[in-house]
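This report refers to the structure that appears directly beneath it.
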Amino acid sequence: MLDSNVELLRALPIFKGLGEKQLTAILEAGKKVYFEPGQLLTRKDGAGDCAYLVLSGSVRCAGFPGMGIQSEPIGAGALVGEMAMLVETVYPLTVEASERVRALALRRSRLTRVMQRDPSIARQLADNLLLRLRSFAKDLRDFELLLEKKDSAAPLPGPETVEAETQTDAFTKSDPRQPTRRFGGEK
């Protein structure tokens with residue numbers, strides 16, 4: 001059973017590059033916990049000091065912008081509240097058990113002790129977070145460029161718009177040689 005849990009950890013981006021012994025030390029620092037359907041693993045805006053690795057069962061997220069009432073079920077291998085196991089944080093989402101859940105609670109204080117015994121774990125986690133932040137920053141830049149391309153590719157005004165912008169109106173125009181600019185709704 002320990003081997004399958006090691007594989008669950010190994011599959012998570014935050015633990016990428018850690019060896020078997022290091023992953024086992026993290027698992028041994030965790031504590032198995034259980035949640036019944038409807039019980040909360042995390043509460044949005046609640047202080048957090050623990051992440052939960054879902055070992056079996058499934059959870060649902062609520063409170064993510066743009067998402068309906070609840071997400072689809074998320075099963076074994078999901079890590080809930082990842083940042084709380086590393087730093088003081090506030091949970092950004094409410095996560096609720098949608099069925100009976102067996103999870104590994106990874107408390108910050110216990111993980112800190114593991115990293116103090118093996119500082120290479122802390123370095124690897126920091127490196128992994130840095131890579132993810134760089135990737136996120138690149139994605140944001142790419143998205144910004146895409147928006148700029150979209151804005152620059154906006155169609156030029158049609159003949160109706162040009163005609164409306166250049167019509168003259170005696171009491172709004174001081175120089176009849178200069179076109180008057182009109183704004184939405186003006187006549």
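A short reminder: the numbers here are calculations on the coordinates, not readings from a lab. Only a predicted model underlies this, so the values are computations on that prediction, with no experimental measurement involved. Positions of Cβ are backbone-derived with ideal geometry, glycine not excepted, and every protein chain shown enters the neighbour counts.
Points worth noting:
- Residues (farther than 23 Å from R60 by Cα and surrounded by fewer than 17 Cβ atoms within 10 Å (Cβ to Cβ)) located in the range 5-17: K16, G17
- In the range 1-53, the residue that is nearest to L106 (Cα to Cα) out of those that are assigned to a helix (DSSP H, G or I) and of a type in the set (V, I, T) is I26.
- Conditions (1) part of a helix (DSSP H, G or I); (2) closer than 29 Å to G19 by Cα; number of the one not met by G77: (1)
- Positions within the range 18-36 being exposed (fewer than 14 other Cβ atoms within 10 Å of the Cβ) and either within 19 Å of G81 (Cβ to Cβ) or within 23 Å of the chain's Cα centre (by Cα) (or both), in sequence order: K31, K32, Y34, E36
- Selection of the range 75-118 for residues being touching a strand residue (DSSP E or B) at 6+ places or on another chain (Cβ under 6 Å) and among the acidic types (D, E) yields E82, E96.
- Condition met for S98 (crowded, with 16+ Cβ neighbours inside 10 Å, polar (S, T, N, Q) and on the phi < 0 side of the Ramachandran plot): yes
- Pairing residues of the range 26-45 that are farther than 21 Å from L12 by Cα with residues that are small (G, A, S), at Cβ distances under 6 Å and at least 6 apart in sequence or on separate chains, gives F35/A97; P37/A97; Q39/A97; K44/G63.
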